[in-house]
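Report on one structure; see the data block that follows.
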Amino acid sequence: MSEVVRLSLVSHAMTDALAAGRFPTDEPLNPLGHRQVDATYELGHIDAAYCGPEKRTRQTAELLGLRADVLPQLADLDCGRWRGDLLGGVRPAELAIWLTDPTQAPHGGETVVELIARVRRWLNTMADHRGRLVAVTHPAVIRAAILVVLDAPPKSFWRMDIAPVSRTVLHYRGHAWTLRSK
């Protein structure tokens, strides 16, 4: 086995909520999402695969041909009472608080800071593995992982766009995670 951990974070494919600008529920992939994941998406040899518990991550993993272990640590950011609501339907003052203060959750769910802490704990467990790993998860989880790896401030969370079925690669070499551009 390799002494390096190579962790590919794959964002789930398109859903109706994502296309409509709604806060997600536990929705499945839509027809476009099914087409986005095809046989040309090459992950290569994988030693272990993981995915979040939501339908959209499990379906994306299945379409990629992965037998993924479902991990609650890879769950999407909990948007509380905003689940299923249109982004534009949220009171502007509440939305502004959420988008500018990562310690706040006016929706009653999880804060960005709590998500980052959850992802940090998960990454620490992945550092004990070896080989090529893949995790099919959510844009929010991938943003949090990037912030952890770069030791960037939580206020930077909303400054990253993570596209459906995009891949972010992290390496762990003995003492620290690094971000690898492909």
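Residue by residue through the stretch 150-182, note down the ones that are on the phi > 0 side of the Ramachandran plot and under 13 Å from the mean Cα position of the chain (by Cα). V165 - this is the single residue of the stretch 150-182 that is on the phi > 0 side of the Ramachandran plot and under 13 Å from the mean Cα position of the chain (by Cα).
Here A61 meets the list (1) open to solvent by 50 Å² or more (accessible area, probe 1.4 Å); (2) under 11 Å from V136 (Cα atoms) almost entirely, failing just condition (1). The residue of the stretch 109-149 that is surrounded by the fewest Cβ atoms within 10 Å (Cβ to Cβ), among those that are within 10 Å of the chain's Cα centre (by Cα) and outside any helix (DSSP H, G or I), is H138. Taking the numbered list (1) assigned to a loop (DSSP other than H, G, I, E, B); (2) out of contact with any His (no Cβ under 7 Å at 6 or more places or on another chain); (3) not aliphatic (A, V, I, L, M) in turn, E62 passes all entries but (1). Restricting attention to the stretch 46-94, the residues being free of Cβ contacts under 8 Å to residues at least 60 places away in the same chain and of a type in the set (F, W, Y) number 1. Residue count for the stretch 28-45, restricted to those that are surrounded by 12 or more Cβ atoms within 10 Å (Cβ to Cβ), at pLDDT 90 or above and not aliphatic (A, V, I, L, M): 6. Scanning the stretch 65-108 for residues that are part of a loop (DSSP other than H, G, I, E, B), open to solvent by 50 Å² or more (accessible area, probe 1.4 Å) and either over 21 Å from P153 (Cα atoms) or of a type in the set (S, T, N, Q) (or both) yields G65, R67, R83, D85, R91, T103, Q104, G108.
Residues that are under 16 Å from R120 (Cβ atoms), of a type in the set (A, V, I, L, M, F, W, C) and exposed (fewer than 13 other Cβ atoms within 10 Å of the Cβ) within the stretch 150-178 comprise L150, A176, listed in sequence order.
The values are calculated or read from the model by the stated rules, or taken from the named source; none is laboratory data. Keep in mind that what you see is a predicted model, and the values were worked out from it rather than measured. Note: ideal-geometry Cβ built from the backbone for every residue, glycine included; neighbour counts use all protein chains shown. Remember, those area values only see protein heavy atoms, side chains included, never the ligands or the DNA or RNA. Shrake-Rupley method; radii C 1.70, N 1.55, O 1.52, S 1.80 Å.
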